[in-house]
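K.L.:
Right, I'll just put the structure down here and ask away after.
The values are calculated or read from the model by the stated rules, or taken from the named source; none is laboratory data. Just so you know, these numbers come straight off a predicted model, no measurement behind them. Here the Cβ positions follow ideal geometry from the backbone for every residue, glycine too, while neighbour counts run over all protein chains shown.
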Amino acid sequence: MIYAILPIFAAMLYGLAFALMEKALQITNVVTYMLIGSAISIPLVLALVQIKKEPLDFGFLQNKMDALIVLLAVIAPAAGWFLTAYTIKNVNAGYAAFAEVSYPLFTIIFLFVLFGIKHFEWHLLLGGSLVMLGSFILVMGQMKAGTG
């Protein structure tokens with residue numbers, strides 16, 4: 001049951017992160033911010049290893065395709081976080097948060113295109129399409145305002 005509500009807590013932390021990031025990026029630049037974030041990740045992961053008793057497992061390195069998938073799965077959100085940070089630095093946190101809300105639709109599309117996994121029904125596709133339309137309207141409005 002707890003795992004089902006973890007995304008809500010993650011969303012709360014992302015909201016807090018976006019708000020704090022807007023202020024932090026007024027104080028420092030994106031590269032410094034991201035370096036500090038990377039440095040903090042290592043002790044957090046090591047603490048998780050101790051708390052959850054979940055061992056580090058590099059068995060995926062024995063298979064090239066598995067290694068590539070894990071590498072890309074780590075690179076994609078890091079690159080996305082960079083893009084988010086630059087958007088927050090140059091536009092604002094509220095815009096960045098609303099503009100990237102379309103990622104669930106991209107998740108469904110990539111699951112299907114890359115792996116043939118179908119986690120969607122008509123209502124999910126319709127709702128995702130409306131989210132994409134809303135994101136498009138938001139982006140176009142921001143660009144017309146001259147701040148995008």
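K.L.:
Considering the stretch 1-49 alone, what residues qualify as being part of a helix (DSSP H, G or I), polar (S, T, N, Q) and modelled with pLDDT of 95 or more? Before you say what the answer is, go through the steps one by one.
P.N.:
Taking the stretch 1-49 and keeping what is part of a helix (DSSP H, G or I), we get 2-27, 30-49.
Subsequent filtering for residues that are polar (S, T, N, Q) retains 26, 32, 38, 41.
Scanning the stretch 1-49 gives GLN26, THR32.
K.L.:
Scan LEU105, LEU138, LEU130 and give me the residue that is among the hydrophobic types (A, V, I, L, M, F, W, C), surrounded by 10 or more Cβ atoms within 10 Å (Cβ to Cβ) and touching a residue at least 40 places away in the same chain (Cβ under 8 Å).
P.N.:
Step by step, each of LEU105, LEU138, LEU130 is checked, and only LEU138 is among the hydrophobic types (A, V, I, L, M, F, W, C), surrounded by 10 or more Cβ atoms within 10 Å (Cβ to Cβ) and touching a residue at least 40 places away in the same chain (Cβ under 8 Å).
K.L.:
So for the stretch 6-25 (the condition being of a type in the set (A, V, I, L, M), touching a Lys or Arg at 6+ places or on another chain (Cβ under 6 Å) and surrounded by 12 or more Cβ atoms within 10 Å (Cβ to Cβ)), does at least one residue qualify? Spell out how you get there, then give the answer.
P.N.:
We begin by selecting, within the stretch 6-25, every residue of a type in the set (A, V, I, L, M); these are 6, 8, 10-13, 16-17, 19-21, 24-25.
When the remaining residues are screened for being touching a Lys or Arg at 6+ places or on another chain (Cβ under 6 Å), the result is 25.
Applying the additional criterion that residues be surrounded by 12 or more Cβ atoms within 10 Å (Cβ to Cβ) yields 25.
Yes; the residues of the stretch 6-25 include at least one that is of a type in the set (A, V, I, L, M), touching a Lys or Arg at 6+ places or on another chain (Cβ under 6 Å) and surrounded by 12 or more Cβ atoms within 10 Å (Cβ to Cβ).
K.L.:
Here is a list: LYS89, LYS144, LYS118. Which entry is closer than 25 Å to VAL30 by Cβ and among the basic types (Lys, Arg)?
P.N.:
Details: LYS144 fails: closer than 25 Å to VAL30 by Cβ; LYS118 fails: closer than 25 Å to VAL30 by Cβ.
Only one candidate qualifies: LYS89.
K.L.:
Tell me, please, whether a residue that is at pLDDT 90 or above, of a type in the set (Val, Ile, Thr) and more than 23 Å from LEU111 (Cβ to Cβ) can be found in the stretch 51-70.
P.N.:
Keep residues of the stretch 51-70 that are at pLDDT 90 or above, which gives 51, 57-70.
Retained after the next criterion (residues that are of a type in the set (Val, Ile, Thr)): 51, 69-70.
Of the ones still in play, those that are also more than 23 Å from LEU111 (Cβ to Cβ) are 51.
Yes: the stretch 51-70 contains one or more residues that are at pLDDT 90 or above, of a type in the set (Val, Ile, Thr) and more than 23 Å from LEU111 (Cβ to Cβ).
Residues checked against (1) hydrophobic (A, V, I, L, M, F, W, C); (2) farther than 21 Å from ALA85 by Cβ; (3) in contact (Cβ under 8 Å) with a residue 12 or more places away in the chain; (4) touching a His at 6+ places or on another chain (Cβ under 9 Å):
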| residue | (1), (2), (3), (4) |
| --- | --- |
| TYR3 | no, yes, no, no |
| LEU20 | yes, no, no, no |
| ILE27 | yes, no, no, no |
| TYR33 | no, no, yes, no |
| LEU44 | yes, no, no, no |
| LEU48 | yes, yes, no, no |
| LEU61 | yes, yes, no, no |
| MET65 | yes, yes, no, no |
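K.L.:
State the number of residues belonging to the stretch 24-70 that are within 23 Å of the chain's Cα centre (by Cα) and among the polar types (S, T, N, Q).
P.N.:
So the count comes out to 6.
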